[in-house]
Amino acid sequence: MKCMAVTIKEATLADADQIAQLGRVTFAETFGKLFPAVILEKYLNHTFSPTKIRDSLQKPANYFLLADTSTGPVGYLKMKRFHAYHESESPDQQAQLQKIYVLQQFVGTGAGSALLQKCHETAQAEGFKELWLAVWHLNERALQFYRSHHYQFVQDSVLQIDSLSFKMNIMALHLAG
């Protein structure tokens with residue numbers, strides 16, 4: 001898909017409903033086929049409820065970005081400050097890229113890269129030395145996206161959603177500075 005003009009802004013409480021909707025739609029687009037319908041609906045209702053997103057937006061450790069185009073919001077990112085991927089690591093120097101979702105029809109337009117670039121700039125400006133994330137080990141498109149932005153494999157992990165287990169790759173980016 002062709003690159004398009006994307007505006008990245010820090011999300012506010014006023015954006016909670018849009019983020020909740022983006023989260024529901026993009027998660028279902030990307031991972032819906034992996035879940036029985038009942039488990040998927042339960043997860044979406046819990047994780048992407050407007051109330052939960054509002055609560056999350058108000059936590060000082062959380063940082064949300066919204067990708068907007070002339071057609072409206074197309075994606076969002078959530079970074080969690082001071083969050084280490086391993087107990088032996090120093091949480092004051094690490095942040096977690098917890099969520100980055102772009103509507104399927106806008107994947108490949110540069111929206112994801114713009115969100116990631118702004119997140120990198122913010123994390124670096126705030127003094128973090130490392131940004132890490134967990135990605136499903138079979139999501140080849142996402143793995144390639146992160147590799148193209150210089151993330152490197154660190155270790156395996158397991159994500160449990162209801163009765164389902166997913167093997168995840170922990171990837172990290174060392175931030176200069």
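Laboratory data are not the source of any read-out in this text; all were calculated from the coordinates shown. Computed from a predicted model, the values in this text were never measured in an experiment. Positions of Cβ are backbone-derived with ideal geometry, glycine not excepted, and every protein chain shown enters the neighbour counts.
Taking the Kirkwood radius as Rh and the Cα radius of gyration as Rg, the stretch 7-174 has a ratio of Rg/Rh equal to 0.93. Taken about its Cα centre, the stretch 7-174 carries a charge dipole of roughly 200 debye when the Cβ of each Lys and Arg holds +1 and the Cβ of each Asp and Glu holds -1.
Using R0 = 35 Å, the C-beta based FRET efficiency linking Ser165 and Gln58 works out to 0.65.
For the chain, the 222 nm mean residue ellipticity estimated from helices alone, with every DSSP H stretch of n ≥ 4 adding -39500 (n - 2.57) and the total spread over all residues, rounds to -10500 deg cm²/dmol. Our estimate of slack between Lys80 and Phe31, defined as 0.36 nm per intervening residue step minus the Cα-Cα distance, is 15.4 nm. Estimated from the Cβ-Cβ distance and a Förster radius of 22 angstrom, the FRET efficiency linking Trp136 and Val38 is about 0.60. Whole angstrom only: what separates the Cα centroid of the stretch 13-43 from the Cα centroid of the stretch 119-165? Cα centroid of the stretch 13-43 versus Cα centroid of the stretch 119-165: 19 Å apart. Put a dot 7 Å past the Cα of Lys129, heading toward its Cβ, do the same for Gln144, and the two dots end up 3.4 nm apart.
With each label modelled as a point 7 angstrom along the Cα→C-beta vector, the Asp17-Gln155 pair spans 4.3 nm.
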